[in-house]
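Please read the structure below before turning to the comments.
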Amino acid sequence: MMAEASFGGNSISLSSDHDGRLWYTVKRNGQTVVMPSRLGLHLANTHPLCDSFTIRNVTKRNVEGVWKPLYGERAKIDDSFEEAAVCVEDDLGRIMEIRLRAYSEGTAFQYFIPEQEKLKDFTITQEDTGFTFPQGSMAWEEHGVEGEYFAKPVGDISGYCERPFAVHVPEGGYVLIHEAGLTDYARMLIVKDEHAENTLKVHLSGHLCGLFSQDDYIGYGFTLNEDETDSLVSHVEGKAPFATPWRTFILADHAAELLCRSNMVLNLSEPGKAEDFPYVKPGKALRDMMLSTKSAFDCIDFCVDHQFQYVLFDGGWYGSLESENKAIDPRREDPDRDLDLRKIISYGKEKGIGIFLYVDRTAAEPYLDAALPVWKEWGIAGIKLGFVKVGPQESTRWLVEAVKKCHEFGLMVNIHDAYRPTGISRTYPNVLTQEGIRGNEHFPTASHNTTLPFVRFQAGAGDYTLCYFDNRLKVTHAHMLAMGVIVYSPMQMMFWYDKPSDWNGEREIEFWEKLPVVWDESIGISGEIGEYATIARRKGSEWFIGCINNEKARTVKIPLHFLNNGKRYSAKIYEDVPELDTRTKVGIRSAEVTKDTILEFPLECSGGVAIYVKPL
């Protein structure tokens, strides 16, 4: 007996063999992209839920639906799918359900343990979940909090790989592995299965696995507890009824089809009620580098002048991590700084600018409950949680609970460092963005930037921390302008290493001034992983287009077929002009365009182009 869910050319099926083991297969337009792969759960102190299964029944349903997010990459999200719920029973009489789903973007499955006498409380020690790919498949391997991507054969990957995890299947297109609905479980990482060819498997990670080394932690000013230094494996405590996170597969025939495919992770997450989050206001933010009252006023004035909405006080506003060997109370202002927060917050409110405060986990863990009403009374807009623990189930629970508590006090949240989204912003839209990305604070290469939009952003918003005037940039300034479109982040950090005084009247900054951070429509136009990427996004009747290139000069064509038929538009183009005698060498020109127009650009090495299109 076999069960299958199929939708929009994507399908996922489940079958059992003569030993009662469960296997799933994923296909795209009839082509196998994930070959028969194992399913199952290992449990502590009892026989695993991995074999001797009989399929008892299959329940299918088809759902057609659309929902409107509070904010996002699009104003409406298609939530249509087919589901097959497969009920299986092993020879001990224990029941498990495998839920298969197929969407237009891809497929997913989830383990569910219903309430039953023979399996009440349990500990999942590991999953038997595998991912077997055809011979010749290539993967993009990335490790750690802010890693770089390396392309290599699936059979050659090493270590603990982060998700989303991209695979190019010969003759079958692309598969992007991720997880959705991670709220009470250990984080999934992906490792090589040493016992099966071209096969990867799920690893339930502990504190350090795929995160930082001990030396990294010390370098950031704090140490790990003894029980955190060797915890590479995590167990999950469960009580029936219990559902695991969804294991998801975004599918595409061509790399460009991966762009802007972020619906499925949201669709597979629990919905929140938009009316419960009236305080959530996406926007652009500027970081105060100097942490003084005067610099804060300058930042607020700059935000007003350049149409930004927030100022962030980053690490250090409440004390120095290096100065104390204990948790710092974030309910007080650092007495060693000229930083009058109440005065600053009041001035910001007069000008319509909100204040975000950075809070490291070493302060948030012991003080969050006590600090939230204090911060609320101060009148801040939100907090940035730094160096949160990820991996074990208890870390997942803590973070979800922290987000929930912030919501109860009407505070928005930006989560930094290792955390990567799995749909939490649908449940709690006060989570505007998160890091989990090698962003511009590291001045990554153009090859890295042209990989991100195909892999990382399908998980959700990424706080890339856009830089501009810093001379450490490895890309052109037109490339950086375009990154404002390429990167989706409802709290978009602008000019990360720059101060207001670093702007010398450069005209092209008007592109970032006009740039929205949430959208009515987002379209992937063209690109190849690690080569180049072109994305168009619409807000109202205006379009913003970003195209970025890797280190190889090339000519790209950008068709404007998404524009309305019969209308004329003005396109303002911001491009690299190396011969210009200016600091940023960005040229600005205008052109009249229609939906039949195809723009052509010779892109510089590590270059790009940004385009603003509005109706005439």
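The values are calculated or read from the model by the stated rules, or taken from the named source; none is laboratory data. Everything numeric in this text was worked out from a predicted model, so none of it was measured. Counting neighbours? That spans all protein chains shown, and the Cβs are built from the backbone with ideal geometry, glycine included.
What the table shows:
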item	result
Unmet requirement for residue 427, which otherwise passes all of (1) more than 19 Å from residue 277 (Cα to Cα); (2) surrounded by fewer than 24 Cβ atoms within 10 Å (Cβ to Cβ); (3) hydroxyl-bearing (Ser, Thr, Tyr)	(1)
Segment 264-293 residues that are buried (at least 20 other Cβ atoms within 10 Å of the Cβ), paired with ones that are assigned to a loop (DSSP other than H, G, I, E, B) and of a type in the set (D, E, K, R) (beta carbon under 6 Å, 6 or more apart)	264/105; 267/79; 287/314
Qualifying helices (runs of 4 or more DSSP H) (wholly inside segment 352-463; at least 2 residues being at pLDDT 95 or above and closer than 27 Å to residue 480 by Cα)	446-449, 452-455
Those residues of segment 89-107 which are over 36 Å from the mean Cα position of the chain (by Cα) and part of a strand (DSSP E or B), in sequence order	89
Looking only at segment 222-256, and only at residues there that are at pLDDT 95 or above and in a loop (DSSP other than H, G, I, E, B), the one that is nearest to the chain's Cα centre (by Cα)	245
Any chance residue 362 is under 18 Å from residue 315 (Cα atoms), in contact with a helix residue (DSSP H, G or I) (Cβ under 8 Å, 6 or more places away or on another chain) and among the β-branched types (Val, Ile, Thr)	yes
Subset of segment 111-128 that is surrounded by 21 or more Cβ atoms within 10 Å (Cβ to Cβ) and within 26 Å of the chain's Cα centre (by Cα) - its residue that is nearest to residue 416 (Cα to Cα)	127
Residue within segment 557-568 that is assigned to a loop (DSSP other than H, G, I, E, B), out of contact with any helix residue (DSSP H, G or I) (no Cβ under 9 Å at 6 or more places or on another chain), basic (Lys, Arg) and over 30 Å from residue 140 (Cβ atoms) present	yes
Segment 37-72, residues that are touching a residue at least 24 places away in the same chain (Cβ under 8 Å), within 30 Å of residue 278 (Cα to Cα) and surrounded by fewer than 13 Cβ atoms within 10 Å (Cβ to Cβ)	68
In segment 430-451, the residues that are surrounded by 24 or more Cβ atoms within 10 Å (Cβ to Cβ) and within 15 Å of residue 151 (Cβ to Cβ)	450, 451
Residue within segment 517-536 that is over 23 Å from the mean Cα position of the chain (by Cα), acidic (Asp, Glu) and either assigned to a strand (DSSP E or B) or farther than 14 Å from residue 482 by Cα (or both) present	no
Any hit, segment 391-401, residues being small (Gly, Ala, Ser) and out of contact with any Phe, Trp or Tyr (no Cβ under 8 Å at 6 or more places or on another chain)	yes
Residue match in segment 387-404 (condition: touching a Ser or Thr at 6+ places or on another chain (Cβ under 9 Å), among the small types (Gly, Ala, Ser), within 30 Å of residue 545 (Cβ to Cβ) and in contact (Cβ under 8 Å) with a residue 60 or more places away in the chain)	no
Test result for residue 297, of a type in the set (A, V, I, L, M, F, W, C) and within 28 Å of residue 425 (Cβ to Cβ)	no
Hits in segment 568-616 - residues which are more than 17 Å from residue 513 (Cα to Cα), among the aliphatic types (A, V, I, L, M) and touching a residue at least 12 places away in the same chain (Cβ under 8 Å)	591, 593, 598, 599, 603, 616
Residues satisfying the stated conditions in segment 471-512, i.e. touching a His at 6+ places or on another chain (Cβ under 9 Å) and hydroxyl-bearing (Ser, Thr, Tyr)	none
Some residue of segment 48-70 being aromatic (Phe, Trp, Tyr) and part of a loop (DSSP other than H, G, I, E, B)	yes
Hits in segment 169-191 (condition: surrounded by fewer than 20 Cβ atoms within 10 Å (Cβ to Cβ) and touching a strand residue (DSSP E or B) at 6+ places or on another chain (Cβ under 7 Å))	171, 173, 191
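Rundown of residues vs (1) touching a strand residue (DSSP E or B) at 6+ places or on another chain (Cβ under 8 Å); (2) under 30 Å from residue 486 (Cα atoms), yes/no style:
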{"residue": "48", "(1), (2)": "yes, no"}
{"residue": "53", "(1), (2)": "yes, no"}
{"residue": "57", "(1), (2)": "yes, no"}
{"residue": "66", "(1), (2)": "yes, yes"}
{"residue": "71", "(1), (2)": "no, yes"}
{"residue": "83", "(1), (2)": "yes, no"}
